[in-house]
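Take a look at the structure below.
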Amino acid sequence: MSTTVTACPECEGRLRSDDSETVCASCGLVVAEDNIDHGPEWRSFADDDTNPERTGAPLTRSRHDRGLSTEIGRSTRLKGRKRRRMARLRRQHNRTKIGSKAERNQVYGFTEIRRLVSALGLSDHIRDRSCVLFESAQDEDLLRGRSLEGFAAATVYATCRTAEVSRTVDEVVGEARASKAELSAAYDALNRELGLPTGPIDPAEYLARFASDLDLPKELEGRARELVQRARDGGHVDGRNPAGVAAGCLYTAATEREYPLTQQAAADAADVTPVTLRATYHALSEDA
Amino acid sequence: MDIKDRREISREYFSRERLAEHHFRSFNAFLGRGMQEVVDEKATIETDIGDKEGEEPVYVELGDVRVVTPRVREADGSEELLYPQEARLRNITYAAPVFMEMAIIKGGEEEEERVVDQTETKIGRMPIMVGSDKCNIAGFTDEELIDIGEDPADPGGYFIVNGSERVLMTSEDLAPNKILAETDTKYGDTIEVAKTFSQRRGYRALVLVERTRDGLLEVSFPSVSGSINFVTLIRALGLESDEEIVHRVSEDPEIVKFMLENLEAAEVQTTEGAIEELGTRVASGQGKNYQLKRANYVIDRYLLPHLHEDGVEEEDVRINKAYYLCRMAEACFELALERRDADDKDHYANKRLKVSGDLMKDLFRTALNKLARDVKYQLERANMRNRQLSVSTVVRSDVLTERLEHPIATGNWVGGRSGVSQLVDRTDYMGVLSHLRRLRSPLSRSQPHFEARDLHATQWGRICPSETPEGPNCGLVKNFAQAMELSQNVEDEQGLKQELAAMGVSGIPGIESIDQQPADD
């Protein structure tokens, strides 16, 4: 879960965990071992009379109650009065799940985050961290007067940026129920009050996605990656739209290899204008 | 046919394409038409929007579904084609995105209906059978397969979920929509029962016609507790006069005698009276109007659902249901008079096999229902908060994906069956082949079921007489014979019936028999 260490304490390398231990991928330090297995230790078979499982689903930060709440199930064996009583109990039980207005907002916010994450094809890790960020925004009382949808979208956007899997604002807004203004209002508040650890976006983060959207061969993407590095050395990245720089590098790589790619197509993939793209293209060609 | 030809044929049966062919055919049929059928059954998603005053109702119309080939979405957002070997090595699921046409439609009360938003949107990911039509290695030559790290000798026919290969066990069920007559004991007396598992669109209802010890017929079916008098039910279905009822059951004088006893004991004489009587049974203690409404609903919904068909009038369906019940009554009487033997449940004519495509169809149906419920919730939520309603913002593709993957990964299928998917036995090549051609009886292995475990003469040519495990599963787990041919459901049932009618079969519901020219001789 996201509450534990996320980087190697010795070398700050990436951690990799399997069923039994967590190991640093770069230096090999074993950070944690004998992890608790949160899953069920037995499974039931069709012929078993009783279910030997003692655990439910693992804890998750993406639910307002961390997935701990119980549910009153349904049975076809109950009939008549007893069945109606269970239906009433179920209704009351479901009401007790939400204690306050803030919690109700959280349920709605988390649902929206889960939907966004699934629509954008992001990992569960991003989902959990977005939810945690949403919770801290609530604790800081940032939501007052701003929209829930905007905050849900902003947390997803912010988490993507900090996790180095950036999505453009337009990509997030395209799937979100919030408008661009709502998202940026929420993001500004998050950034200001919580001090998000975000720097400028590296254009290289966009390359793989744009390249696959444009159906470009792998070599072109690799070449574009080199071009991004060159642009950065030449100082053409700072102060420019990173999506535009990424598209510019892809276009430059394509023209170098004489691969048929129009400026318009590359610009559309990055949601920028061809003018933005040309700025990078010209800067790169002048350096060369 | 000389020995050379025969050898040729038997070799053909051992070729790679043949070994898991039943899986491919079934799954391809599911991809080709089964999925669309499930969506068409559902057709719309209704919402509670519009219940309030001054609000226009909103519903969602479902259109065409489309499945592409398996792809993987990387963390950086790029999407690439996925091959089975990569799925195995990276412990990911070999699944393809599913797209569906959806339209949000608003209005109908005061304003005219108008489309708020209409697009094709991704609704989830469908695990794809290795080697099926939508598999990325379909049609590859041996060299191409080797190039992408695939074993050219691998038969396919399984799924890859989270990196593990899973086969869906073919299951052997009692044939639905058939009358089975048998004897039973009740309070120490032998009684005759005619049973039908009526099945339509994933809904299964057991209908029983019993001849009790005093010779009276009783029917029981879901939603009616206990049983209901046969004549009452027949009258409720619109078959009113004594004469008609008797002649619909049988012309046999002895059976007519039995039937007259039943008619004498009848509680009601008219259709209206019968429906009222049924109403007091299904909704006792409720208002009269509600009782009638409920009685009509129960007849149309829970009684013999398989007799419903598109394009057949509701009244015709009721009469057909009455005729069907008469056939069941006849079976009871014939059994009582020893004109026939009890039906053999182990006879292979009374068995149907559920192969991977049928199982996936069940799964997709429940997954789509779950998705529909989620869409309804999201729409209502978005509407309550005065957001613009759009297709892409109300569909959570995770819902469907999880509902499809989880049962395949764990084997816990919808309807409470477990062990439906199993890890492919890779002990050796023969193990794989045997596993793909295995079938399982849903009977409990902890009970004797001697007859079910026995080798039945009708298994000849279909089931291997010797390959079955020792121990508790003996005779319940079977394997296909090498030359077994599995026939499939027809695609166009109406077309088949039309064809039959053209060939002179009369009395098919919903088909006007083509006027027959008398054979001139």
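No other residue among A:ALA178, A:ALA185, A:ALA163, A:ALA153 is modelled with pLDDT of 85 or more and touching a Ser or Thr at 6+ places or on another chain (Cβ under 7 Å) apart from A:ALA178. Does the stretch A:178-188 contain any residue that is within 20 Å of A:ALA102 (Cβ to Cβ), in contact with a Phe, Trp or Tyr (Cβ under 8 Å, 6 or more places away or on another chain) and not in a loop (DSSP other than H, G, I, E, B)? Within the stretch A:178-188, one or more residues are within 20 Å of A:ALA102 (Cβ to Cβ), in contact with a Phe, Trp or Tyr (Cβ under 8 Å, 6 or more places away or on another chain) and not in a loop (DSSP other than H, G, I, E, B). Residues that are assigned to a loop (DSSP other than H, G, I, E, B), within 14 Å of chain B (Cβ to nearest Cβ) and at pLDDT 65 or above were ranked within the stretch A:1-51; the one that is nearest to B:SER444 (Cα to Cα) is A:ASP19. Here is a check on your reading of the model: is B:VAL432 in a loop (DSSP other than H, G, I, E, B), surrounded by 14 or more Cβ atoms within 10 Å (Cβ to Cβ), away from chain A (no Cβ under 12 Å) and aliphatic (A, V, I, L, M)? No: the conditions fail for B:VAL432.
Select from the stretch B:415-429 the residues that are of a type in the set (A, V, I, L, M, F, W, C) and away from chain A (no Cβ under 14 Å) and list them in ascending order. Spell out how you get there, then give the answer.
Start the filter on the stretch B:415-429 by keeping residues that are of a type in the set (A, V, I, L, M, F, W, C), which leaves B:420, B:423-424.
Matches in the stretch B:415-429: B:VAL424 only.
Where strands (runs of 3 or more DSSP E) fall entirely within the stretch B:38-125, those with at least 2 residues that are within 20 Å of B:ALA138 (Cα to Cα) are at B:58-67, B:71-73, B:79-81, B:95-106. Among the residues of the stretch B:435-456, those identified as under 14 Å from B:THR170 (Cβ atoms) and either surrounded by 16 or more Cβ atoms within 10 Å (Cβ to Cβ) or among the acidic types (Asp, Glu) (or both) are B:HIS435, B:LEU436, B:ARG437, B:ARG438, B:LEU439, B:ARG440, B:SER441.
Hey, could you check the stretch A:81-102 for residues that are of a type in the set (A, V, I, L, M) and under 21 Å from A:ARG177 (Cβ atoms) and say which is nearest to the other protein chains (Cβ to nearest Cβ)? Walk me through how you get there before you give the answer.
Residues of the stretch A:81-102 of a type in the set (A, V, I, L, M): A:86-87, A:89, A:98, A:102.
Next, from what is left, pick out any that are under 21 Å from A:ARG177 (Cβ atoms): A:98, A:102.
Numbers: A:ILE98: 14, A:ALA102: 17 Å.
Taking the candidates together, the pick is A:ILE98.
Determine which member of the set B:GLU485, B:GLU467 is charged (D, E, K, R), modelled with pLDDT of 85 or more, over 26 Å from the mean Cα position of the chain (by Cα) and assigned to a loop (DSSP other than H, G, I, E, B). If you could, list the steps in order and put the result at the bottom.
On the way: B:GLU485 fails: over 26 Å from the mean Cα position of the chain (by Cα).
Of B:GLU485, B:GLU467, the one residue that is charged (D, E, K, R), modelled with pLDDT of 85 or more, over 26 Å from the mean Cα position of the chain (by Cα) and assigned to a loop (DSSP other than H, G, I, E, B) is B:GLU467.
Can you confirm whether the stretch A:103-117 contains a residue that is of a type in the set (Phe, Trp, Tyr), within 11 Å of chain B (Cβ to nearest Cβ) and under 25 Å from B:LEU379 (Cα atoms)? For the stretch A:103-117, residues of a type in the set (Phe, Trp, Tyr), within 11 Å of chain B (Cβ to nearest Cβ) and under 25 Å from B:LEU379 (Cα atoms): present.
Sub-9 Å Cβ pairs linking a first residue in the stretch B:442-460 that is within 14 Å of another protein chain (Cβ to nearest Cβ) to a second residue that is in a helix (DSSP H, G or I), at least 6 apart or interchain, are B:LEU443/B:ALA452; B:LEU443/B:ARG453, ordered by first then second residue.
Here is a yes/no grid of residues against (1) hydrophobic (A, V, I, L, M, F, W, C); (2) touching a helix residue (DSSP H, G or I) at 6+ places or on another chain (Cβ under 6 Å):
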{"residue": "B:GLY215", "(1), (2)": "no, yes"}
{"residue": "B:PHE221", "(1), (2)": "yes, no"}
{"residue": "B:GLU244", "(1), (2)": "no, no"}
{"residue": "B:ARG248", "(1), (2)": "no, yes"}
{"residue": "B:PRO253", "(1), (2)": "no, no"}
{"residue": "B:LEU260", "(1), (2)": "yes, no"}
{"residue": "B:THR270", "(1), (2)": "no, no"}
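Residue pairs whose Cβ atoms lie under 6 Å apart, sitting 6 or more positions apart in sequence or on different chains, and linking a residue in the stretch B:111-122 that is more than 14 Å from B:VAL60 (Cβ to Cβ) to a partner that is hydrophobic (A, V, I, L, M, F, W, C) and surrounded by 11 or more Cβ atoms within 10 Å (Cβ to Cβ), are B:LYS122/B:PHE99.
Can you find a residue that is of a type in the set (A, V, I, L, M), farther than 17 Å from B:ARG385 by Cβ and over 12 Å from the mean Cα position of the chain (by Cα) anywhere in the stretch A:141-151?
yes
The values are calculated or read from the model by the stated rules, or taken from the named source; none is laboratory data. Predicted, not measured: the structure shown is a model, and the values here were computed from it. Glycine also receives a Cβ, built like all others from the backbone with ideal geometry; neighbour counts cover every protein chain displayed.
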